[in-house]
Amino acid sequence: MVAEIRRLPLKTTQGWTARSLPPSPAPTTFVRNEDGPPSVAYIATRATPGAIVMLIAITAVILSFRCSSLETDQRDFVDPHTYEDPYAAVEEFAQEIDASLITVGPEIGVGQFGCVRRGKLGERTVAIKTLKPGSTEKARMDFLSEASIMSQFQHPNVVLLRGVVTESIPLMIITEFMDQGSLDKYLVKKARCLQSFHLLVILRGVAAGMQYLSQMKYVHRDLAARNVLVNSQLVCKIADFGLSRKLEGIAEGIYTTRGGIIPFRWTAPEAIALRTFTPSSDVWSFGIVVWEVMSYGQRPYWNWRNSEVIQRVKEGYRLPAPAGCPKALHQLMLDCWQRQSAHRPLFVSIVDTLDGFIRCPERLNMETRHR
Ligand code: ADP
């Protein structure tokens, strides 16, 4: 019997792609990711019930095997702030690059520490962050700490550190180059071309990066579209680890800041009030990113003043669905913005939910809650 095949997007190690599938005479059921779990990319809609049960069972077994091996493989993040000497941390975690191998190109952005340039490391195009001359000792420590943090992460949805230059001046952080720049600007620039499938792929990438970071027991604290980078394959990667800190122990699972700047519009009310950041306050911020994406880069809470945002959110106000945003995605935002942080979904379930929407877009217009 030849089963009828429904065409669905393909999932790769970097998330979903819009690649259309070649016509296949065979009743293909799975497409294997290079190093991820197999995904149900084709579904045989007329397969026998026995075959479907068998497929589900095989998928469950493979997935649980993959999950348990991932759990044992993954090390917890080590906070470089626990090192007295930031050079010792960077030396331990990051690869030193000889400055003579780097060709510095044009400026592509300006960051907190200095300008960011495109360049080459050998044949490879890279982004080069430099610490501007005359920076304070604190800026130098923060700059090196960001490199030590990034160097511990390896995930297709987290910006990859290629190495650092610390043995000559200026200090440099060399990362992979993301040719479409930051997500907030990309959304505005590409608003006319991005369809709902593309928006889902973007959100799925951000959620998968955050799932990885939270599994590493790591709280970002500054998740916002401006801190996500995009490339022309629509792969989104979490960047900017300047405000980030490790979770201090599983029991309390929170980090208390020592003051500093808080991105109020993106920050959960309890994190503002108590200065405590948790994976669930990152989930709140993710809800704001969903709103930014679905509104093609609008500013959350428009031109309201910070004090007004804080007060109204405390009183229960939540951002409305952007024009044309499906109900289920607005519900996902509202779930991320639950007052009780324990009632917010985990990133792992957010990724699942988004995968479900990508596979089955009809679900976008159903009423569902995600926990
Ligand atoms: P900082 O964290 O020091 O404030 P950012 O990392 O935000 O600096 O970089 C500032 C800008 O530089 C970004 O908004 C983006 O436009 C550009 N940029 C930074 N890193 C990259 C990269 N890896 N690829 C492409 N553009 C980048």
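The values are calculated or read from the model by the stated rules, or taken from the named source; none is laboratory data. These numbers were taken from a predicted model, which means no experiment stands behind them. Positions of Cβ are backbone-derived with ideal geometry, glycine not excepted, and every protein chain shown enters the neighbour counts.
Descriptive notes on the structure:
- Residue count for the stretch 150-160 satisfying the condition of being within 19 Å of residue 121 (Cα to Cα) and within 12 Å of the ligand (Cβ to nearest atom): 3.
- For the criterion of being small (Gly, Ala, Ser), crowded, with 17+ Cβ neighbours inside 10 Å and near the ligand (Cβ under 10 Å from one of its atoms), residue 147 fails.
- Test: residue 113 is within 25 Å of the chain's Cα centre (by Cα), surrounded by 16 or more Cβ atoms within 10 Å (Cβ to Cβ), within 16 Å of the ligand (Cβ to nearest atom) and assigned to a loop (DSSP other than H, G, I, E, B): yes
- Looking only at the stretch 166-186, residues that are touching a helix residue (DSSP H, G or I) at 6+ places or on another chain (Cβ under 7 Å), buried (at least 22 other Cβ atoms within 10 Å of the Cβ) and part of a helix (DSSP H, G or I) come to 1 in all.
- The one condition from (1) assigned to a loop (DSSP other than H, G, I, E, B); (2) of a type outside the set (Lys, Arg); (3) within 11 Å of the ligand (Cβ to nearest atom) that residue 107 does not meet is (1).
- Any hit, the stretch 266-289, residues being within 16 Å of the ligand (Cβ to nearest atom), at pLDDT below 95 and at positive phi: no
- Residue 106 vs. criteria at pLDDT 95 or above and out of contact with any Leu (no Cβ under 8 Å at 6 or more places or on another chain): yes
- Subset of the stretch 80-110 that is under 21 Å from residue 241 (Cα atoms) and among the polar types (S, T, N, Q) - its residue that is surrounded by the fewest Cβ atoms within 10 Å (Cβ to Cβ): 82
- Sole exception among (1) within 13 Å of the ligand (Cβ to nearest atom); (2) closer than 18 Å to residue 84 by Cα; (3) of a type in the set (Ser, Thr, Tyr) for residue 130, by number: (2)
- Look at (1) within 24 Å of residue 126 (Cβ to Cβ); (2) of a type in the set (Gly, Ala, Ser); (3) not in a strand (DSSP E or B) and you find that residue 163 fails only one, number (3).
- Single match in 194, 213, 223, 234 (criterion: at pLDDT 95 or above, closer than 19 Å to residue 354 by Cβ and part of a helix (DSSP H, G or I)): 213
- Filtering the stretch 170-193 to residues that are within 7 Å of the ligand (Cβ to nearest atom) and polar (S, T, N, Q) leaves 175, 182.
- If you go through the stretch 281-337 and keep only what is polar (S, T, N, Q) and farther than 24 Å from residue 201 by Cα, you end up with 303, 306, 307, 311.
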